[in-house]
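*Asks:* The structure that follows is given in the form of structure tokens.
The values are calculated or read from the model by the stated rules, or taken from the named source; none is laboratory data. In this text the structure is predicted, and so the values were computed from the model without any measurement. FYI the Cβ positions are ideal-geometry reconstructions off the backbone, even for glycines, and counts take in every protein chain you see.
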Amino acid sequence: MSKEFTLEKFSQNPFYQEVNRRLVALANLRPGLRVVDLGAGTGAVTRLLVAAMANGQGAEVIAVEPSEPAIEVARRSLENFGDAVVRFVQGGAERFSQLVRMPVDAVFFCNAIHLVKEKAAVVQEAYRSLRQGGTFSFNTSFFQGAEPPESLQFYRRWMMKALRNLREQYDLSPDKAQRALARQPLSREEYIALLESNGFHVCENQVVPVPMTLKGFEDISEYSLFIEGAMPGVPLEPASEALKFGARGAFEELGLETSPRNWLLVVASKE
């Protein structure tokens, strides 16, 4: 993970913090639990999990993250925060049960499940790691239906302006084959079926409209994995600049203050 193109800036947006806080609330955590935060990044959700189990003797949050630089940022951010023990483990979501040996009460995978090719493997790892009755919770804003009909004009103009800027300013264009592959997200129903076919009972599944600001779109345009999905095959810096240029142009042209995006929030229990 490039230190220059992390999710940290985007994660500070109030709307992003609120949608994660809502997912944590849906899971009904209580003090004293052992919880895994998959794809913990720089610790935005880890912090919410620690706060949710405040004053819980024996509470533990295990932050699993493949990027060592992100872990270091999270470690500094969470130093002396809250009463829960926070343990950091470097590794990926697809095999985290090999890294977290003891049974856990809850697993969270926030804003990242859409990035995983083998989603069934992650679901199976969560099932394997959970105690009976434990919960697996995730959210994502990259699924079929994430873009409400009223936002489609903005998204079309954003990408059109970004691609034009990329060509005119940098003489670059995305790899069309990779771009088509990146645009195959699961639907809400497919996520539910995936969970149920792997032994989970879906307790909550909500689609939450989130009003995203221009700053939010500019900040997500500085995140490497988003850039690579939107502009595959293009170097990060020019792709990021083109995406930010396109977002600013679309907001100005349409006279927007915010543009809505749907988040899918799911909580499932191990039967």
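*Asks:* Looking only at the stretch 1-27, how many residues end up being part of a loop (DSSP other than H, G, I, E, B) and at pLDDT 95 or above? Quick ask: steps written out before the conclusion?
*Replies:* Initially, the stretch 1-27 is screened for residues part of a loop (DSSP other than H, G, I, E, B), giving 1-7, 12-13, 27.
Those left that are additionally at pLDDT 95 or above: 13, 27.
Qualifying residue count for the region: 2.
*Asks:* Which condition breaks for G249 when tested against (1) closer than 21 Å to A146 by Cα; (2) touching a helix residue (DSSP H, G or I) at 6+ places or on another chain (Cβ under 7 Å); (3) at pLDDT 95 or above; (4) not in a strand (DSSP E or B)?
*Replies:* (1)
*Asks:* To continue, here is another question. Has the stretch 41-48 got any residue that is within 19 Å of L99 (Cβ to Cβ), touching a strand residue (DSSP E or B) at 6+ places or on another chain (Cβ under 7 Å) and modelled with pLDDT under 95?
*Replies:* Within the stretch 41-48, one or more residues are within 19 Å of L99 (Cβ to Cβ), touching a strand residue (DSSP E or B) at 6+ places or on another chain (Cβ under 7 Å) and modelled with pLDDT under 95.
*Asks:* Considering only the stretch 64-79, state which residues are under 20 Å from Q12 (Cβ atoms) and outside any strand (DSSP E or B). Full working, then the answer.
*Replies:* Restricting attention to the stretch 64-79, the residues satisfying the condition of being under 20 Å from Q12 (Cβ atoms) are 65, 67, 69-79.
Answer for the stretch 64-79, where residues must be under 20 Å from Q12 (Cβ atoms) and outside any strand (DSSP E or B): S67, P69, A70, I71, E72, V73, A74, R75, R76, S77, L78, E79.
*Asks:* Look through V50, V36, V45, V24 and report the one residue that is touching an Asp or Glu at 6+ places or on another chain (Cβ under 7 Å), on the phi < 0 side of the Ramachandran plot and of a type outside the set (G, A, S).
*Replies:* Numbers: V50 fails: touching an Asp or Glu at 6+ places or on another chain (Cβ under 7 Å); V36 fails: touching an Asp or Glu at 6+ places or on another chain (Cβ under 7 Å); V24 fails: touching an Asp or Glu at 6+ places or on another chain (Cβ under 7 Å).
Being touching an Asp or Glu at 6+ places or on another chain (Cβ under 7 Å), on the phi < 0 side of the Ramachandran plot and of a type outside the set (G, A, S) holds for just one of V50, V36, V45, V24, which is V45.
*Asks:* Only residues in the stretch 113-125 that are closer than 14 Å to D37 by Cα count as the first member; pair them with residues that are hydroxyl-bearing (S, T, Y), Cβ under 6 angstrom, at least 6 apart or cross-chain, and list the lot.
*Replies:* Pairs found: I113/T140; E125/S97.
*Asks:* Are any of the residues in the stretch 209-220 within 25 Å of V107 (Cβ to Cβ) and either crowded, with 22+ Cβ neighbours inside 10 Å or touching a Phe, Trp or Tyr at 6+ places or on another chain (Cβ under 8 Å) (or both)?
*Replies:* Our first condition is that a residue be within 25 Å of V107 (Cβ to Cβ); within the stretch 209-220, this holds for 210, 220.
Filter once more, keeping what is either crowded, with 22+ Cβ neighbours inside 10 Å or touching a Phe, Trp or Tyr at 6+ places or on another chain (Cβ under 8 Å) (or both): 210, 220.
Yes, that holds for at least one residue.
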